[in-house]
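K.L.:
Here's a structure for you.
The values are calculated or read from the model by the stated rules, or taken from the named source; none is laboratory data. It should be emphasised that the depicted structure is a prediction, and the values quoted were computed from it without experimental measurement. In this analysis, Cβ positions are derived from the backbone assuming ideal geometry, glycine residues included, and neighbour counts consider all displayed protein chains.
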Amino acid sequence: MIDFRYHLVSIVAIFLALSVGIVLGTSFLEDPAIKATEIFANQLRVSNEEYRDQLEAVQKREAANDAFVTDAAPRLVQNALATESVAIVEAPGVTNAVREGVQDLLVKAGATVTGRVVLDESYVDAAQAALIEKLADDAKPADMTFPADATPYRKVATALADAIVTDDPAQIGKENPVAAGVLDAFEAGGLLTVTGEPAKRAALAVLIAPAEPYTGEGAAQQANALVSMALGLDETGRGVVVAGGPSSATTGGVVAALRDDTAAAEKVSTVDNADKPMGRVVVVYALREQLSGATGQYGIGPGVSGVEPSASPAPTATSGG
């Protein structure tokens, strides 16, 4: 009985000693731990303030650069596209800022913008592919034939391009009499709308990419539908540039899809920073380069050949310039 009590007292004494030790240890460690935490928190606060200041400085510099280029743009592109004509094809999801910025600078470069063909969301909807193919087959000129392996989007691109662009200087500014009903047919089908007079054919075209990349299982097909449009415009006219913002050069973006297609990238130029004044200037330069028979991928994203064309080449003799 005495042994049991002795052991019980010993156990109680041990736990009591541990408790006292924990209390004493916590008391000794409390101040250093708090101080260390306070120092770390203060360092984080200082770092965050520095990062915020750096970000604000970068944003101010970028705004100043944009303002400078905006002011200088008319001089930078003066007469670059004098006597040329350009049709604008607008993908679904284009922002007003990019559309208006590109069109405004084309005019300041001396170009005549014949009009805009604005594609509807349904145009890139895979569920509408059968309708698109039927419209292309029904609306195309009688003498137009499609390759046996042509996709619905390649067919419609060929038919639409034939209605709005031409590589024949004698036909620029004139409607294609055999393609008169193409735009009307697709507009009636709810696949596009028309502003201006794009049927008065232009030599050049700008395809404006969506502000955001496509996502999901159908992303590649949607992006490639617009790549097909760019190729159709290139084959029928004197040149085409696909213009978009940085997102267009990422996975699911139209610019990225075109750059990944080696054959397309050898024919069609792209600009992936057309959301900025500098990029819109490059769109003009890239169109000028297309007239000379050269192609390039420009901007800040993956797959670029440079920020801008190495020089502003003179158009070839077959150009309207």
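K.L.:
Only one residue in T145, T195, T112, T158 is in contact with a Lys or Arg (Cβ under 6 Å, 6 or more places away or on another chain) and either in the same structural domain as G218 (by TED's automatic domain parsing) or farther than 21 Å from V240 by Cα (or both), so which one is that? Show your work before the answer.
P.N.:
On the way: T145 fails: in contact with a Lys or Arg (Cβ under 6 Å, 6 or more places away or on another chain); T112 fails: in contact with a Lys or Arg (Cβ under 6 Å, 6 or more places away or on another chain); T158 fails: in contact with a Lys or Arg (Cβ under 6 Å, 6 or more places away or on another chain).
From the options T145, T195, T112, T158, the qualifying one is T195.
K.L.:
Find the residue count for region 206-262, including only residues that are touching an Asp or Glu at 6+ places or on another chain (Cβ under 7 Å) and farther than 19 Å from I88 by Cα.
P.N.:
The first filter runs over region 206-262 and keeps only residues touching an Asp or Glu at 6+ places or on another chain (Cβ under 7 Å), leaving 208, 227, 236-238, 240, 244-249, 255.
If we keep only those that are farther than 19 Å from I88 by Cα too, we end up with 246-247, 249.
Residues flagged as touching an Asp or Glu at 6+ places or on another chain (Cβ under 7 Å) and farther than 19 Å from I88 by Cα within region 206-262 amount to 3.
K.L.:
Let me ask you something else. If you check V178 against the conditions, is it under 30 Å from T83 (Cα atoms), touching an Asp or Glu at 6+ places or on another chain (Cβ under 8 Å), hydrophobic (A, V, I, L, M, F, W, C) and touching a residue at least 40 places away in the same chain (Cβ under 8 Å)?
P.N.:
On the way: under 30 Å from T83 (Cα atoms): yes; touching an Asp or Glu at 6+ places or on another chain (Cβ under 8 Å): yes; hydrophobic (A, V, I, L, M, F, W, C): yes; touching a residue at least 40 places away in the same chain (Cβ under 8 Å): no.
The answer is no for V178.
K.L.:
Among (1) in contact with a Lys or Arg (Cβ under 6 Å, 6 or more places away or on another chain); (2) at pLDDT below 95, which single condition is L105 missing?
P.N.:
Unmet condition: (2).
K.L.:
Name the single residue, out of those in region 107-122 being assigned to a helix (DSSP H, G or I) and touching a helix residue (DSSP H, G or I) at 6+ places or on another chain (Cβ under 7 Å), that is nearest to G93 (Cα to Cα).
P.N.:
Initially, region 107-122 is screened for residues assigned to a helix (DSSP H, G or I), giving 107-108, 121-122.
Next, only the ones that are touching a helix residue (DSSP H, G or I) at 6+ places or on another chain (Cβ under 7 Å) stay: 108, 122.
Numbers: K108: 25, S122: 12 Å.
Selected residue: S122.
K.L.:
Of the conditions (1) out of contact with any Gly (no Cβ under 8 Å at 6 or more places or on another chain); (2) surrounded by 14 or more Cβ atoms within 10 Å (Cβ to Cβ), A130 satisfies every one except a single condition; which number is it?
P.N.:
(2)
K.L.:
Return the residues of region 170-200 that are within 25 Å of the chain's Cα centre (by Cα), farther than 17 Å from P141 by Cβ and part of a loop (DSSP other than H, G, I, E, B); say none if nothing qualifies.
P.N.:
G190, L191
Residues checked against (1) small (G, A, S); (2) touching a residue at least 24 places away in the same chain (Cβ under 8 Å):
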{"residue": "Q128", "(1), (2)": "no, yes"}
{"residue": "D168", "(1), (2)": "no, no"}
{"residue": "L183", "(1), (2)": "no, yes"}
{"residue": "A203", "(1), (2)": "yes, yes"}
{"residue": "A209", "(1), (2)": "yes, yes"}
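K.L.:
Taking region 241-287 as the search range and keeping residues that are part of a loop (DSSP other than H, G, I, E, B) and among the hydrophobic types (A, V, I, L, M, F, W, C), which one is nearest to A220 (Cα to Cα)? Full working, then the answer.
P.N.:
Of region 241-287, the ones part of a loop (DSSP other than H, G, I, E, B) are 244-245, 250-253, 261, 266-268, 272-276.
Now restrict to residues that are among the hydrophobic types (A, V, I, L, M, F, W, C): 268, 274.
Values: V268: 18, A274: 22 Å.
The extreme case among them is V268.
K.L.:
In this structure, is A63 in the same structural domain as V255 (by TED's automatic domain parsing) and over 26 Å from G232 (Cβ atoms)?
P.N.:
Values: in the same structural domain as V255 (by TED's automatic domain parsing): no; over 26 Å from G232 (Cβ atoms): yes.
No.
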